[in-house]
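Below is one structure, written out as structure tokens; comments come after it.
The values are calculated or read from the model by the stated rules, or taken from the named source; none is laboratory data. No experiment lies behind these values; they were computed from the predicted model shown. Please note: Cβ atoms are built from the backbone with ideal geometry, for glycine as well, and neighbour counts cover all protein chains shown.
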Amino acid sequence: MRAGRSLSAAVVAVAAVALTTAPARADEVVLPAIPQVLPDSRGCTATSGRHTDQVPWHQARTGVADAWRFSRGAGVLVAVLDTGADTSSPALRDRVRPGPDVVAGGPAQGDCVGHGTLAAGLVAAAPQPGAGLAGVAPDARVLAVRVTDGRGNTNADALAVGLRAAVEARAAVVAVLPGVSAGNDALREAVRLAAERRVLVVAAATVEGQQRDGEVYPAAYPEVLSVAALGPDGPVTTPRGATVDLLAPGDKLTGLGPGGGHFTAGGPGFAAAYTAATAALVLARHPRLGPAELVQRLERTGYPVGDHPAVDPVAALTAVLPSAGRAAPAEALPAVPGPPTRPGVAVAVAVAAGAVGVAALLGIAAAVLPRGRRRRWRPGGRWAAGSR
């Protein structure tokens with residue numbers, strides 16, 4: 001089992017490297033970056049004014065366009081708890097609505113930092129003519145809840161109020177992008193409320209730029225799906241002690257920012273948003289799933305990258321899983337998603353396809369273990385309310 005897991009992960013890693021070594025296009029556009037927190041000396045993130053027609057690596061690698069054959073997330077409301085959202089882009093205008101600003105009061109209109117805007121676009125941006133980027137679930141709707149001050153700083157109380165607001169707004173999935181090093185009773189109770197209302201909470205496993213080891217909240221609570229970032233070259237280093245359930249694209253991303261221009265960004269919060277969008281796809285196709293079944297589906301259909309499964313939208317939508325409590329057979333798990341659709345990767349595609357076939361024969365399923373012992377699920381899709 002251990003040898004099979006190691007070889008499977010190694011094969012996937014080789015495939016991933018092969019898929020990212022294609023020559024860069026001569027017409028690639030250099031895009032400005034969006035921070036998680038604005039430095040004191042810097043004003044609001046300026047409009048980019050730049051656009052790219054390329055399909056971002058994260059969309060191609062996870063097979064988002066293929067997933068749209070089965071679901072586009074219609075009818076699912078995803079709350080994004082972050083810095084708000086600028087909806088001036090046509091790609092966001094009809095898909096994102098402002099929720100409350102729980103720090104300054106009033107509606108969360110606009111976004112000085114730009115972090116929440118890019119996150120909202122990762123979830124539900126509509127495809128636009130001449131642009132390769134789009135949201136993972138373009139027919140879902142986003143509720144942008146600001147849980148930070150104007151520069152992107154937050155605390156446990158603000159996260160708790162924002163989470164409660166998302167639950168009361170009937171969001172089916174909540175993506176919590178910022179995190180804190182210590183939880184409190186208010187945040188603990190907000191997470192419990194979400195569990196009682198059958199709302200899936202997805203949170204970043206770490207804080208962007210985190211220097212110290214240890215857990216981050218709300219990701220460390222057992223009812224929360226904790227996600228770490230994956231880049232085009234593999235997982236982003238995670239501090240020791242962090243709770244990680246799943247990996248998702250969260251590094252070297254391309255997305256929308258203030259004013260509708262294109263930006264680059266990275267951070268574990270974006271991995272949480274990406275996973276929340278994938279959950280929206282699954283809920284639109286399987287609306288009767290409770291949070292526990294939804295999490296199990298996301299984890300069991302992920303492909304192995306090191307010690308954790310990486311989110312696979314197509315597999316999460318289409319895999320036929322056995323009943324809870326039984327190991328998933330290898331044939332129920334899908335192949336690793338296809339490579340970026342850029343010129344010059346034909347050889348890499350062949351290498352990746354062969355590698356995935358070998359990995360499947362070695363038993364990819366052995367790399368993904370049920371996490372019931374940590375989450376303490378109850379039958380029927382409800383979460384246990386045990387404290388940490």
Could you run through region 165-203 and say how many residues are without any contact (Cβ under 8 Å) to a residue 60 or more places away in the chain, closer than 21 Å to TYR274 by Cα and of a type in the set (D, E, K, R)?
0
Can you work out which of the residues in region 55-73 that are of a type in the set (A, V, I, L, M, F, W, C), part of a loop (DSSP other than H, G, I, E, B) and in contact with a Ser or Thr (Cβ under 9 Å, 6 or more places away or on another chain) is surrounded by the most Cβ atoms within 10 Å (Cβ to Cβ)?
VAL55
Scan region 222-242 residue by residue and report those that are surrounded by fewer than 24 Cβ atoms within 10 Å (Cβ to Cβ) and either in contact (Cβ under 8 Å) with a residue 40 or more places away in the chain or touching a strand residue (DSSP E or B) at 6+ places or on another chain (Cβ under 8 Å) (or both).
PRO222, GLY231, PRO232, ASP233, GLY234, PRO235, VAL236, THR238, ALA242
Quick check on region 123-142: of everything there that is farther than 16 Å from THR275 by Cα and touching a helix residue (DSSP H, G or I) at 6+ places or on another chain (Cβ under 9 Å), which residue is surrounded by the most Cβ atoms within 10 Å (Cβ to Cβ)?
LEU133
If you check ARG188 against the conditions, is it at pLDDT 95 or above, part of a loop (DSSP other than H, G, I, E, B) and farther than 23 Å from PRO304 by Cβ?
no
Search region 149-187 for residues being under 16 Å from TYR221 (Cα atoms) and of a type in the set (Asp, Glu), and hand back the single one that is surrounded by the most Cβ atoms within 10 Å (Cβ to Cβ).
ASP157
Using beta carbons and a limit of 6 Å, which pairs, at least six apart or on different chains, have the first residue in region 292-305 and closer than 13 Å to ALA319 by Cβ and β-branched (Val, Ile, Thr) and the second one modelled with pLDDT of 95 or more and in a helix (DSSP H, G or I)?
THR301/ALA315; THR301/ALA316
Considering LEU92, LEU133, LEU143, which residue is hydrophobic (A, V, I, L, M, F, W, C), in a loop (DSSP other than H, G, I, E, B) and touching a residue at least 12 places away in the same chain (Cβ under 8 Å)?
LEU133
Determine, yes or no, whether PRO304 is farther than 24 Å from LEU133 by Cβ, modelled with pLDDT of 95 or more and not in a helix (DSSP H, G or I).
no
Taking LEU321, is it farther than 19 Å from VAL202 by Cα, modelled with pLDDT under 90 and not acidic (Asp, Glu)?
yes
Does ALA280 satisfy the condition of being at pLDDT 95 or above, assigned to a helix (DSSP H, G or I) and out of contact with any Ser or Thr (no Cβ under 7 Å at 6 or more places or on another chain)?
yes
Would you confirm, using the coordinates I've provided, whether ALA190 is in contact with a helix residue (DSSP H, G or I) (Cβ under 6 Å, 6 or more places away or on another chain), crowded, with 24+ Cβ neighbours inside 10 Å and under 21 Å from GLY267 (Cα atoms)?
no
VAL282 surrounded by 24 or more Cβ atoms within 10 Å (Cβ to Cβ) and over 30 Å from ARG93 (Cβ atoms):
no
Examine region 6-13 for a residue that is surrounded by fewer than 18 Cβ atoms within 10 Å (Cβ to Cβ) and either within 26 Å of GLY132 (Cα to Cα) or modelled with pLDDT of 50 or more (or both), and state whether such a residue exists.
yes
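Condition check ((1) closer than 29 Å to ARG288 by Cβ; (2) modelled with pLDDT of 95 or more; (3) over 18 Å from the mean Cα position of the chain (by Cα)) across all residues:
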| position | (1), (2), (3) |
| --- | --- |
| ALA67 | yes, yes, no |
| PHE70 | yes, yes, yes |
| THR83 | no, yes, no |
| GLY99 | yes, yes, yes |
| ALA119 | yes, yes, no |
| LEU122 | yes, yes, no |
